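Written below as structure tokens is the structure these notes are about.
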Amino acid sequence: MTTVFGRAHEPEQVVFGSDPDTGLRVIVAIHSTALGPALGGTRCYPYPDEDTALADVLRLAEAMAYKSALAGLPLGGGKAVIIGDPAAVKSDGLLRAYGRFLNKLGGRYITACDVGTESADMDVIARESRFVTGRTTGAGDSAVLTAYGVLLGMRAAAGELWGSTELAGRRVAVEGVGKVGARLVDHLVEQGASVVVFDVAEHAVADVVARHATVQVAANRADLLDREPDIYAPCALGGVVTTALASTLRAGLVCGAANNQLGDADAAAVLADRGIGYAPDYLVNAGGLIQVADEIDGFDFDRAKRRTEGIFRTTREVFRTAAADGVSPLVVAARLAEQRMVTGVPADLSDLGVLTAG
């Protein structure tokens, strides 16, 4: 059973909502508003039960708070999950009911897209609520800068691990080629990397291969990782990097777009003990958050892209500090995020300036 109280980092607020007329069943978790209103996506997913949905939204909300803090945004972190298969339950009526539910939170939580929702859905929610971003008329699909930020984090980590930020000639295994993973593959091919992909959705793989004839396709995750990649990039759902996988993984770096990649508490330490770099997901995948956050004050893509480029510097500093202190980059990233939430100052990373590729 998932508990809310007594956790290492308790959320500020957890709210359950329902609308019998439309079938809406939603949980909103606000992890922190220390830096500002909580911003986070709405995930629509067929959870097997309410407890699983609650556990997921709590983990996701905490990661969003850390993500906002490390990105230097004046925002907190939260998340929402709508329980149900989006193909079956999602309707204009349900989304509008959800918008009315958001209004009851008084702006403490602002939503955007996530798994199972898209910019057009945000347009519908916005008919009822102003506490929504990532609309088609605003920031749009946050996958654009999410993928870009992951690329920058990957290059920064590569520079610290191998002495060069160049990815040309590196083998990168990308698991999940949906909205973000496919864009990441585009970037990697452009960088000259050797890319192998796996996704349970055959059409997604086909789309990638149609664009890039050089991309190799793995039959499953085991086959993907048996290719002995330099970099493993989880870009689907979370929980894939377990202690068991970390103990056998033959890669030098884990850096991907998926949220909550670690399947258990010890996985990051096992990676560090084996000399495998881990770029915390909430550090490198913050580009999408930066993109939708920019819409709050009037969206400017170039401005959001410049802000996203700060991920390179932050990742580099996290890896350098981790190496100096002899700990996992996850420990350093969490420490910096928590300091930011307590003090309101992004520690020694207050200058999240433009990309420096040296």
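The values are calculated or read from the model by the stated rules, or taken from the named source; none is laboratory data. All values reported here derive from a predicted model rather than from experimental measurement. Cβ sites come from the backbone with ideal geometry, for glycine too, and all protein chains shown count toward neighbours. Note: areas computed on protein heavy atoms with side chains; ligands, DNA, RNA excluded. Shrake-Rupley method; radii C 1.70, N 1.55, O 1.52, S 1.80 Å.
Assess whether Ala8 counts as being modelled with pLDDT under 95, closer than 18 Å to Leu105 by Cβ and surrounded by fewer than 22 Cβ atoms within 10 Å (Cβ to Cβ).
Numbers: modelled with pLDDT under 95: yes; closer than 18 Å to Leu105 by Cβ: no; surrounded by fewer than 22 Cβ atoms within 10 Å (Cβ to Cβ): yes.
Here the answer is no, as Ala8 does not meet what is asked.
Testing Thr146 on (1) in a helix (DSSP H, G or I); (2) in contact with a Phe, Trp or Tyr (Cβ under 7 Å, 6 or more places away or on another chain); (3) within 30 Å of Leu253 (Cβ to Cβ), one condition comes back false. Which one is that?
Just one mismatch for Thr146, condition (2).
So which residues in segment 266-307 are among the aromatic types (Phe, Trp, Tyr), over 20 Å from Ala334 (Cα atoms) and in a helix (DSSP H, G or I), if there are any at all?
The first filter runs over segment 266-307 and keeps only residues among the aromatic types (Phe, Trp, Tyr), leaving 278, 282, 299, 301.
Narrowing further to those that are over 20 Å from Ala334 (Cα atoms): 299, 301.
Answer for segment 266-307, where residues must be among the aromatic types (Phe, Trp, Tyr), over 20 Å from Ala334 (Cα atoms) and in a helix (DSSP H, G or I): just Phe301.
Per-residue answers, yes or no, for (1) crowded, with 22+ Cβ neighbours inside 10 Å; (2) under 21 Å from Glu12 (Cβ atoms):
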site	(1), (2)
Ala61	yes, yes
Ser68	yes, yes
Leu75	yes, yes
Lys79	yes, yes
Asp85	no, no
Cys113	yes, no
Ser119	no, no
Thr133	yes, yes
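Answer yes or no: is there a residue in segment 308-321 that is of a type in the set (D, E, K, R), free of Cβ contacts under 8 Å to residues at least 12 places away in the same chain, assigned to a helix (DSSP H, G or I) and farther than 14 Å from Tyr148 by Cα.
In the first step, residues of segment 308-321 are kept if they are of a type in the set (D, E, K, R); the result is 309, 313, 316-317, 320.
When the remaining residues are screened for being free of Cβ contacts under 8 Å to residues at least 12 places away in the same chain, the result is none.
No; the residues of segment 308-321 include none that is of a type in the set (D, E, K, R), free of Cβ contacts under 8 Å to residues at least 12 places away in the same chain, assigned to a helix (DSSP H, G or I) and farther than 14 Å from Tyr148 by Cα.
Provide a single number: the residues in segment 210-230 that are surrounded by 13 or more Cβ atoms within 10 Å (Cβ to Cβ), basic (Lys, Arg) and closer than 19 Å to Val189 by Cβ.
Final tally of qualifying residues: 1.
State all residues of segment 266-287 that are open to solvent by less than 40 Å² (accessible area, probe 1.4 Å) and over 27 Å from Lys305 (Cα atoms); if no residue qualifies, say none. Working first, answer last.
Taking segment 266-287 as the starting set, the residues that turn out to be open to solvent by less than 40 Å² (accessible area, probe 1.4 Å) are 267-268, 270-271, 276-287.
Selection gives Ala267, Ala268, Val270, Leu271, Ile276.
Starting from segment 236-250, keep only residues that are under 20 Å from Val185 (Cβ atoms), then list their pairs with residues that are of a type in the set (Asp, Glu) and crowded, with 16+ Cβ neighbours inside 10 Å whose Cβ atoms are within a distance under 6 Å, requiring at least 6 positions of separation or different chains.
These pairs meet every condition: Ala236/Glu175.
Residue by residue through segment 316-330, note down the ones that are surrounded by fewer than 20 Cβ atoms within 10 Å (Cβ to Cβ) and hydrophobic (A, V, I, L, M, F, W, C).
Ala323, Ala324, Val327, listed by residue number.
Evaluate segment 245-256: report whether one residue or more is within 21 Å of Leu60 (Cα to Cα) and among the polar types (S, T, N, Q).
First, pick out the residues of segment 245-256 that are within 21 Å of Leu60 (Cα to Cα): 254-256.
Checking the rest, the ones that are also among the polar types (S, T, N, Q) come to none.
Looking for residues that are within 21 Å of Leu60 (Cα to Cα) and among the polar types (S, T, N, Q), one finds none in segment 245-256, hence no.
Given (1) part of a loop (DSSP other than H, G, I, E, B); (2) within 18 Å of Leu39 (Cα to Cα); (3) in contact with a helix residue (DSSP H, G or I) (Cβ under 7 Å, 6 or more places away or on another chain), where does Arg127 come up short, assuming only one miss?
It is condition (2) that Arg127 fails.
Okay, residues lined up against (1) open to solvent by less than 30 Å² (accessible area, probe 1.4 Å); (2) within 18 Å of Ala157 (Cα to Cα); (3) touching a helix residue (DSSP H, G or I) at 6+ places or on another chain (Cβ under 8 Å); (4) not in a helix (DSSP H, G or I):
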{"site": "His187", "(1), (2), (3), (4)": "no, yes, yes, no"}
{"site": "Val205", "(1), (2), (3), (4)": "yes, no, no, no"}
{"site": "Leu237", "(1), (2), (3), (4)": "no, no, no, yes"}
{"site": "Ala257", "(1), (2), (3), (4)": "yes, yes, yes, yes"}
{"site": "Asp264", "(1), (2), (3), (4)": "no, no, yes, yes"}
